Amino acid sequence: MCRARCAFVTCVFLGSVAALEGAAGAREPQAISGSHEASTTANPLRLARQARDAGRWVEAEAAYELALKAADAGWTTDAERAEIAAELGLCELALAMYRDAADHLAQGLRHRDALRSGLAKRAEEGLKKAESRVVTFYLGVSPPDAQVFVDGKALGRPAPTYELFLEPGHHTVRARLDGHTEMVGAFEGQAGKDSSLTLKLPRAPERGEGGGGGAPGAAGGGPARPVGTAARPAAQAALPLAELRIGGAALATAALAAGTVFLLRAHVIDGNLAEREMVFRGQGWTPTTCWWPKAPSACGEIHNDLAERDLFATIGNVALATGAVFGIATAASFLAEGWILDEAPARGGVQVIPSATGTQAGFVLQGVW
């Protein structure tokens, strides 16, 4: 009995020793890795600070960027990454790299409480300066797991909202997700101004499958062809409906705009005539004063203004009528497509996407013309 107890105690002791050795061995790689990551971050930081203090901004910017990449890949704290990002943003600001500076300064200020007070203040002032040179763009996407591209460049990890800093000018945003209709938006960004856009991706309609009582052998055939993809005859495909529709829309818009301008001009002239008439009536003029043999010299100017008013009014009405004709013809082309091409008009082929910025609003047309 005593021997059995001694053997049991010996086994327990050996097992405990083996377990402790295994735990220590498991911790060694992590400790070695942590020291390596700390060294890969510390060395670029030392070089970056030396270059920053010496005013070598290009060298400092490159070293801080290398340190930030090492920090993102290593086991560093949010406070350490925030400090590196803020210092990198200040270097980029000194090099007039305003968009990159705004990105990194905003990243550092997300953990403002972790920054030293002096660095936090310099980062805030630098961010204001950088934002005055770039476009601050707020983007909302639904569903939030859609993949987003801005000017053809993917944004990375999907999110429901984005805060981006872009160069001034025209930008295009595209969002796509399996099972949903791809959406596109566009806006014109101005330096120092905020712009916003929301893209909602509707669920794509289910495509019907071909077959079901067709020709023999179709039941076990290949994949079903999507509805509406059948090839058109060559004579029908050659009909330039797209060009005609685009041209018609452009002509209608131009004519309506011109007609509006002409009518506004005629209205202004008519208002001026009314004011002059009140003045002349106060001076004793009558409706027949300008018909006298010795009419006042102002009558010639009145006749010229009347002729100009009538001309502008006539041209404006004609332009409006012309624009209306082109607009109706363009809209009717969508309805008449089935009669011309002997097929049902496409449904859902054109989508209207609202697009708004801080200074203007409009629509983006997407689809097949």
What's the total number of residues in the stretch 113-139 that are in contact (Cβ under 8 Å) with a residue 24 or more places away in the chain and out of contact with any strand residue (DSSP E or B) (no Cβ under 7 Å at 6 or more places or on another chain)? 14
All-but-one check, Tyr138 against (1) part of a strand (DSSP E or B); (2) surrounded by 15 or more Cβ atoms within 10 Å (Cβ to Cβ), failing number (2)
Any residue at all in the stretch 90-107 that is buried (at least 24 other Cβ atoms within 10 Å of the Cβ), among the small types (Gly, Ala, Ser) and out of contact with any Asp or Glu (no Cβ under 7 Å at 6 or more places or on another chain)? no
Hey, among the residues in the stretch 140-187 that are of a type in the set (Asp, Glu) and in contact (Cβ under 8 Å) with a residue 24 or more places away in the chain, which one's nearest to Arg110 (Cα to Cα)? Glu163
Quick check on my filter: what residues within the stretch 38-55 are modelled with pLDDT under 80 and surrounded by 14 or more Cβ atoms within 10 Å (Cβ to Cβ)? Ala38, Thr40, Thr41
Just checking, how many residues over the stretch 78-89 are surrounded by 20 or more Cβ atoms within 10 Å (Cβ to Cβ) and over 17 Å from Lys129 (Cα atoms)? 4
Going through Val134, Val141 one at a time, which residue ends up being under 12 Å from the mean Cα position of the chain (by Cα) and not aromatic (Phe, Trp, Tyr)? Val141
Count, please, the residues in the stretch 198-213 that happen to be within 22 Å of Asp178 (Cβ to Cβ) and either at pLDDT below 65 or in a strand (DSSP E or B) (or both). 6
Residues in the stretch 56-67 that are surrounded by fewer than 24 Cβ atoms within 10 Å (Cβ to Cβ) and among the hydrophobic types (A, V, I, L, M, F, W, C) total 4
What pairs come up if the first residue lies in the stretch 302-330 and is outside the structural domain of Ile246 (by TED's automatic domain parsing), the second is crowded, with 18+ Cβ neighbours inside 10 Å, and their beta carbons are under 6 Å apart, counting only those six or more places apart or on different chains? none
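The values are calculated or read from the model by the stated rules, or taken from the named source; none is laboratory data. Treat the numbers as computed from the prediction; the structure is a model and nothing was measured. Backbone-built Cβ (ideal geometry, glycine too); neighbour counts: all protein chains shown.
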